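Taking it in order: structure first as structure tokens, then the write-up.
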């Protein structure tokens with residue numbers, strides 16, 4: 001297990017390097033000159049070249065990337081090109097908001113999605129199953145920004161139950177968490193239903209019923225436990241989706257997390273902020289996938305992660 005964990009951590013390094021290099025490459029070849037945007041439209045060519053030299057944009061792209069990653073390795077994520085503040089300081093302030101929102105979204109989506117998926121499988125081809133199927137399809141198909149705006153109109157403007165933007169109290173997290181976790185809830189519900197239905201048709205489940213076990217015992221102790229591996233995999237994938245989807249949700253709700261921070265940085269082509277955001281999110285997603293893999297051995301002892 002220890003060898004497996006260390007090997008997975010080491011494998012994260014080339015993945016992070018590949019992701020960050022690709023993002024840096026796209027930023028550098030995208031239209032627009034950050035130096036000209038900073039000095040303004042009335043600046044002379046000499047002023048622009050001085051600013052490019054100050055930012056290091058006159059160096060080869062590989063050199064720029066290596067310098068940034070070397071500084072990031074030592075905890076220095078640079079300074080914003082347009083707002084002149086330390087990226088790490090601003091990031092440490094915004095990251096907790098995004099993590100709290102992400103965890104709240106995944107918690108409610110899993111806490112409701114898996115039980116309702118079990119009910120949908122047990123009540124197969126009934127009105128309950130059909131209703132949950134329709135709800136899941138709506139939440140998966142509808143764009144996140146549209147769902148967020150509908151929540152704002154209904155719960156904030158019409159009913160005046162919840163605030164429409166900000167993050168100063170716990171009530172400000174409810175609507176963003178519901179919006180962000182809607183698609184994850186639907187995916188968990190459908191995944192649980194699909195795999196549990198397949199397991200309920202297995203021979204060992206029929207044997208458990210033949211032995212006189214109660215249906216609750218058969219479903220939860222025998223069938224659901226043997227269906228957990230793909231469900232756990234889906235939860236790990238969903239957390240990655242949530243970290244990426246927070247960009248849209250935070251923008252809709254004016255939430256002070258790294259999602260809205262990243263959107264504004266991409267618009268301005270503020271490379272230090274974009275690179276820091278992608279780097280941190282890549283590390284979080286990598287750690288999440290590692291935790292999911294380690295949970296396999298806990299759920300199913302037959303899985304030997306570090307052995308033969």
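The values are calculated or read from the model by the stated rules, or taken from the named source; none is laboratory data. In this text, all values refer to a predicted model and were calculated from it rather than measured experimentally. Cβ: placed from backbone, ideal geometry, glycine included. Neighbour counts: every protein chain shown.
Within the range 28-67, how many residues are out of contact with any helix residue (DSSP H, G or I) (no Cβ under 6 Å at 6 or more places or on another chain), closer than 23 Å to residue 17 by Cα, at pLDDT 85 or above and outside any loop (DSSP other than H, G, I, E, B)?
Count: 5.
Among the numbered criteria (1) in contact with a helix residue (DSSP H, G or I) (Cβ under 9 Å, 6 or more places away or on another chain); (2) farther than 16 Å from residue 111 by Cα; (3) surrounded by 16 or more Cβ atoms within 10 Å (Cβ to Cβ), which single criterion is violated by residue 186?
Tallying (1) in contact with a helix residue (DSSP H, G or I) (Cβ under 9 Å, 6 or more places away or on another chain); (2) farther than 16 Å from residue 111 by Cα; (3) surrounded by 16 or more Cβ atoms within 10 Å (Cβ to Cβ), residue 186 fails exactly one: (2).
Just for the range 1-27: of the residues that are touching a helix residue (DSSP H, G or I) at 6+ places or on another chain (Cβ under 9 Å) and more than 30 Å from residue 295 (Cβ to Cβ), which one is surrounded by the fewest Cβ atoms within 10 Å (Cβ to Cβ)?
Among those that are touching a helix residue (DSSP H, G or I) at 6+ places or on another chain (Cβ under 9 Å) and more than 30 Å from residue 295 (Cβ to Cβ), it is 25.
Quick one: residue 68 ticks every box in (1) in contact (Cβ under 8 Å) with a residue 60 or more places away in the chain; (2) surrounded by 13 or more Cβ atoms within 10 Å (Cβ to Cβ); (3) under 27 Å from residue 249 (Cα atoms); (4) over 20 Å from the mean Cα position of the chain (by Cα) bar one, so which box is it?
(3)
Considering 121, 186, which residue is more than 22 Å from the chain's Cα centre (by Cα) and in a helix (DSSP H, G or I)?
On the way: 186 fails: more than 22 Å from the chain's Cα centre (by Cα).
Unique residue meeting the criteria: 121.
Might you let me know whether the range 190-202 holds any residue that is modelled with pLDDT under 90 and either in a loop (DSSP other than H, G, I, E, B) or loosely packed, with under 14 Cβ neighbours inside 10 Å (or both)?
Among the residues of the range 190-202, at least one is modelled with pLDDT under 90 and either in a loop (DSSP other than H, G, I, E, B) or loosely packed, with under 14 Cβ neighbours inside 10 Å (or both), which makes the answer yes.
To keep it simple, each residue is scored yes or no on (1) at pLDDT 80 or above; (2) surrounded by fewer than 16 Cβ atoms within 10 Å (Cβ to Cβ).
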| position | (1), (2) |
| --- | --- |
| 222 | no, no |
| 242 | yes, no |
| 249 | yes, no |
| 266 | yes, no |
| 270 | yes, no |
| 274 | yes, no |
| 283 | yes, yes |
| 293 | no, no |
| 299 | no, yes |
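Inside the range 195-214, can you point out the residues that are touching a residue at least 24 places away in the same chain (Cβ under 8 Å) and out of contact with any helix residue (DSSP H, G or I) (no Cβ under 6 Å at 6 or more places or on another chain)?
198, 202 - these are the residues of the range 195-214 that are touching a residue at least 24 places away in the same chain (Cβ under 8 Å) and out of contact with any helix residue (DSSP H, G or I) (no Cβ under 6 Å at 6 or more places or on another chain).
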